[in-house]
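Colleague: What follows is a structure written as structure tokens; I'll ask about it next.
The values are calculated or read from the model by the stated rules, or taken from the named source; none is laboratory data. Not measured: the values here are computed from a predicted model. Note that each Cβ is placed from the backbone with ideal geometry, even for glycine, and that neighbours are counted across all protein chains shown. What goes into the accessible areas is simple: the full protein's heavy atoms, side chains included, and nothing from ligands, DNA or RNA. Shrake-Rupley method; radii C 1.70, N 1.55, O 1.52, S 1.80 Å.
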Amino acid sequence: MAKILVLGAGGGVGRTFAERARQGRIDLAPAFPGAIELLGLPHSELDVTVFAEVERVVFRERPAVVVYAAGFSDLNACEWDKWQAYLVNRDAAGQAARACAKAGAVFVYFGTDLLFDGARRTPYREEDPPTPVNVYADTKLAGELDVMTHAERYLIVRTGWLYGAHFRGPVASLMDRLRSEDFVFGTENAVRQPTWADELIDATCALLAKGKTGTWHLAAQGGATELDVARRVAALLRPSASAQPLSATTTRDLLSPYSVLDCSKAADEGVALPKWEESLERYVRSIRGGDTKIGR
């Protein structure tokens, strides 16, 4: 049996991991053969900043894989509270990685596409030098470096703009508004990769199953702005509506103008996510059945 310990299991990534496990979608063979046992600990059960307690839990549970799903990810909050951002995204991650090294577990850390400033407007590879665009990205880069320093075996997965059943954000809020409104809006000055969290988790597990370690880029294929996604969602939810596309008047100053990741390294290993348009359509259709008001 392969045990997976998820730290920060109350957040979007952690809850998605738990859901995929319940659905029987997580298989780590051949690298970790046998049935999967997933133990998810939210903040209420384990504060990742209490380092001694994290180490105690890792030694007690002896997991094969520890997934660090905790994170201080609100971009504005990171600017206001740098100390807390570094504590969670760097220090706690590094200490958890140190515990994993002692216990012989693989440590999984999720990075961000915002490590790159977008100056060159071409997709970024794993070996490209980072140029963080905000405090959040700077803390995530520092976290990567701490993980590399302290973990014996680690998998750093950088990804794009996540959405899914357990995430709040532009996709979710847009769907809420389209229940009663007929217009589309979103910023159009930042190109990223809208990535369905379910597919990110599946791809991450595929790398683990292959025994891969190191730093990898995993995100949906293609780049899009918030406005691109808004229009796509509107077309899926209200195909017969005569929506007037409107771009937002405000910009997202904390975002890179272009932070698209080159995921060819993973694709060469047979691990590739679909195009963002295809994934978004599958996601919308997956939740559409539960709301008969959508799409009428």
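Colleague: Could you point to the residue in Ser73, Val260, Leu273 farthest towards the positive end of the chain's charge dipole, with +1 and -1 charges on the Cβ of Lys/Arg and Asp/Glu respectively?
Modeller: So the residue we want is Leu273.
Colleague: Quick one: pull the percent of accessible area on the range 1-122 belonging to carbon and sulfur, 1.4 Å probe, ligands and nucleic acids left out.
Modeller: Ligands and nucleic acids excluded, carbon and sulfur reach 49 percent.
Colleague: So who's got an amide H within less than 5 Å of the one on Asp47, skipping anything under 5 residues away but keeping other chains? H placed 1.01 Å off N, in plane.
Modeller: none
Colleague: With both partners inside the chain, how many of the DSSP beta bridges are antiparallel, as a percent to the nearest 5?
Modeller: Within the chain, antiparallel bridges account for around 5 percent of the total.
Colleague: Debye calculation, C-alpha points only, no solvent: report log10 I(q)/I(0) for the range 66-112 at q = 0.21, 0.32, 0.33 Å⁻¹, in the same order as the q values.
Modeller: Here the Debye-derived log intensity ratios amount to -0.69, -1.16, -1.20.
Colleague: Considering all alpha-carbon pairs of the chain, what whole percent are spaced by more than 35 angstrom?
Modeller: 18
Colleague: Dipole magnitude of the chain about its Cα centre, charges +1 at Lys/Arg Cβ and -1 at Asp/Glu Cβ only, in debye to the nearest 20?
Modeller: The calculation lands at about 660 debye.
Colleague: Next question, about the same structure. Picking from Gly12, Val157, Leu237, whose Cα lies most toward the positive end of the charge dipole for the chain (charges on Cβ: Lys, Arg +1; Asp, Glu -1)?
Modeller: So the residue furthest toward the plus end is Leu237.
Colleague: Rank-order 267-276, 91-100 by packing density, defined as the average count of other C-beta atoms within 10 Å over each peptide's residues, highest first.
Modeller: So the peptides 267-276, 91-100, ranked by packing, come out 91-100, 267-276.
Colleague: Next question, about the same structure. Loop only per DSSP, at most 13 neighbouring Cβ atoms within 10 Å: give me the GluC sites (Glu not before Pro) in the range 7-63, ordered by residue number.
Modeller: In loop regions of the range 7-63 (DSSP not H, G, I, E or B), the sparsely surrounded GluC sites (Glu not before Pro) are Glu45.
Colleague: Another question about this same structure. Of the residues Asp146, Asp128, Asp198, which exhibits the maximal mean-square fluctuation in a Gaussian network model of the chain defined by a 10 Å Cα contact cut-off?
Modeller: Result: Asp128 has the largest fluctuation of those listed.
Colleague: Something else now. Please work out how much length the chain gains when fully extended from Ala267 to Arg168, using 0.36 nm per residue of separation minus the C-alpha to C-alpha distance, in nm with one decimal.
Modeller: The span from Ala267 to Arg168 would gain 32.8 nm if fully extended.
Colleague: Across 5 Å bins from 0, what is the distribution of all Cα-Cα pair distances for the range 19-95, in whole percents?
Modeller: Calculated P(r), rounded to whole percents: 3, 13, 20, 20, 15, 15, 9, 4, 1, 0.
Colleague: Another question, then. Under 19 Å Cα-Cα from Lys82, which lysines qualify once same-chain neighbours fewer than 8 residues away are excluded?
Modeller: Straight-distance partners of Lys82: Lys140.
Colleague: Can you work out the accessible area per residue across the chain, with the rest of the protein chains kept in place, probe 1.4 Å, in square angstrom?
Modeller: That works out to 44 Å² for each residue.
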